[in-house]
Amino acid sequence: MNYMISGKNIEVTEALKQKIMDKLNRLSKFLNDDTHVHVTLSVQKLQQIIEITIPIKGTILRTEVEEHDMYAAIDKAIDILEKQVVKYRSKLKDKHKHDNSFKEEFLKELHNIEHDEEVHNELKIAKIKTFDVKPMAREEAIMQMDLLGHDFFVFRDMDNERINIIYKRKGGTYGLIDPEY
């Protein structure tokens, strides 16, 4: 795998680089050798943060972990990514798609394993909610979302009449999803 390791507000030592590469080598049994892995280490206040992004055909595997210790953050991030890789590949197998981002041995191994009920339960819709989407200003949508105590809110933007989604981001800011039709 091709590693791109960088740091923000932290010096990336050789020991950190080696730890990251050793841990990411656990994923090498799943991914092809030419896979690119982007790792960003950062420090904000007392938190050590690691972000790992692996773009593969059709999707992006990504995790961001905050811990008080960078080495603990690395371990946790790799565990999360390993679960994501297995889950993504299982999903592709279920849909009878083939993705050559994965090694052939891993694909054969997956064909011999039956899926856990947990994977299927995670993909089931537990509740369906219908509601009237009213035209409103973006600021009003934020206020409605906060009043409801939700992390997102669906509304019709009164300026362009399109369905939009406003959501809370890390750090207390807001994001807007405005789909193109």
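Just so you know, all these numbers are worked out from the coordinates, no wet-lab data involved. Computed from a prediction, not measured in an experiment: that's the story for all the values here. Note that each Cβ is placed from the backbone with ideal geometry, even for glycine, and that neighbours are counted across all protein chains shown.
Under the simplified labelling scheme, the Glu11-Ile163 pair shows an inter-label distance of 5.3 nm, with each label point 7 Å from Cα along Cα→Cβ.
Sequence-ordered 3J(HN,Hα) estimates for region 30-40 from the Karplus curve with 6.51, -1.76 and 1.60 and θ = phi - 60° stand at 9, 9, 5, 5, 8, 6, 8, 10, 9, 10, 10 Hz, glycine and proline given as x. Taking Lys and Arg as +1 and Asp and Glu as -1, the other residues whose beta-carbon sits under 11 Å from that of Ala141 total -1. The equivalent ellipsoid of region 135-177 has semi-axes of 17, 11, 8 Å, largest first, where each one is the square root of 5 times an eigenvalue of the Cα gyration tensor.
Summing +1 for each Lys or Arg and -1 for each Asp or Glu among the other residues whose beta-carbon sits under 14 angstrom from that of Ile163 gives -2.
Across region 152-165, coupling constants 3J(HN,Hα) worked out from phi with the 6.51/-1.76/1.60 Karplus curve, θ = phi - 60°, read 8, 8, 9, 8, 9, 5, 6, 7, 10, 6, 9, 6, 10, 10 Hz, and Gly and Pro carry x.
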